[in-house]
1. Placing +1 at every Lys and Arg Cβ and -1 at every Asp and Glu Cβ, with all other atoms neutral, what dipole size does segment 164-213 have around its Cα centre, in debye to the nearest 20?
2. Taking the Cα centre as origin and putting +1 on Lys and Arg beta-carbons and -1 on Asp and Glu beta-carbons, what dipole magnitude results for segment 123-218, to the nearest 20 debye?
3. Using the Cβ atoms and a cut-off under 9 Å, what net charge is assigned to the surroundings of Gly65, where Lys and Arg are +1 and Asp and Glu are -1?
4. Which residue, Gln161, Ala127, Ser190, has the largest displacement toward the positive end of the dipole of segment 89-218 when charges sit on each Cβ (Lys, Arg +1; Asp, Glu -1)?
5. Suppose all protein chains stay in the model; what accessible area per residue would a 1.4 Å probe give for segment 93-218, in Å²?
6. Return the long-range amide H neighbours of Glu48 (sequence gap of 5 or more, or a different chain), with a cut-off of under 5 Å between placed amide H atoms.
7. Return the sequence-ordered ³J(HN,Hα) values of segment 179-194 in whole Hz as given by the Karplus equation 6.51 cos²θ - 1.76 cosθ + 1.60 applied to θ = phi - 60°, using x for Gly and Pro.
8. Tell me, what % of the accessible area of the chain is carbon and sulfur with a 1.4 angstrom probe?
Amino acid sequence: ASIFSRSRVRRLYLVLHDDLAPRKQRTDYKSLAGAITLIRLLRGAGVEVLVGFSGLDMILWKAAGAANVATGKFFNLRRFDPTRWDAESEGGRILPYWTEQSLITWLREEDLKLLLDKKLIDRAVAAENPYGAQILELLDNGAGAAWVGLGWRQYLYWFQQCESDISKTSSIAEALLLNADERWAAVERSGVLLFDRDNDGSWIRPWINAIREARGSA
């Protein structure tokens with residue numbers, strides 16, 4: 001941040017790269033707090049930051065004050081992870097994923113149906129996303145229709161809406177995460193076990209702590 005603030009650079013394209021597998025979430029809150037602090041310092045120095053290849057973690061970067069966040073249809077930086085060619089991994093299939101804001105997660109179809117059946121997802125809120133409404137209609141029809149394309153559109157619609165909301169009021173970011181923490185607690189209390197064992201919301205509290213850590217060091 002010091003180097004850039006002493007330069008004539010006023011717009012920065014920031015890429016955060018690690019060896020995390022596709023659709024896995026970062027949980028090292030110290031590193032996340034460092035990234036948030038970097039963005040805040042750059043913003044304070046008058047540098048506009050665009051964070052590329054963002055996923056659900058765009059919430060953190062917007063909370064930090066990033067001017068813009070960008071995503072990619074396949075989160076390109078992780079798309080070509082060696083595990084993609086692992087013979088044991090999903091047979092190379094592209095699966096549809098549902099973006100669930102109340103949990104800040106991506107859900108596979110079987111887990112989406114499970115949470116809907118147990119009323120752990122607010123169907124009315126989910127249907128406010130026009131592509132989400134189309135996906136729900138397909139699932140209700142029970143015809144087994146593919147919805148990979150609709151899943152990406154549902155995600156991108158959420159992405160732009162969430163970015164817009166946090167741009168207007170940065171405190172919304174922490175509020176979304178605190179709500180997600182409560183919703184994951186409700187899932188745990190219900191006794192429901194998601195089919196995707198790794199989908200447990202374990203990144204939510206590290207994200208909250210990263211925001212608070214960075215705020216304390218600002």
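The values are calculated or read from the model by the stated rules, or taken from the named source; none is laboratory data. These numbers come from a predicted model, not from an experiment. Quick reminder, even Gly has a Cβ in these numbers, built from the backbone with ideal geometry, and neighbours come from all protein chains shown. To get the accessible areas, we keep the full protein, side chains included, count just its heavy atoms, and leave off ligands, DNA and RNA. Shrake-Rupley method; radii C 1.70, N 1.55, O 1.52, S 1.80 Å.
1. On the way: 6 positive and 9 negative charges, 20 e Å.
Once rounded to the nearest 20, the dipole reads 100 debye.
2. Numbers: 9 positive and 13 negative charges, 30 e Å.
Roughly 140 debye, rounded to the nearest 20.
3. Values: positive: Arg40, Arg43, Lys62; negative: none.
Computed value for this residue: +3.
4. After comparing all options, I get Gln161.
5. On a per-residue basis, segment 93-218 sits at 54 Å².
6. Amide H to amide H, under 5 Å and 5 or more residues apart or across chains, Glu48 pairs with Arg11, Leu12.
7. 5, 4, 4, 5, 5, 5, 5, 5, 4, 5, 5, 5, x, 5, 10, 5
8. Working: 6050 of 11990 Å².
Whole-percent figure for carbon plus sulfur exposure: 50.
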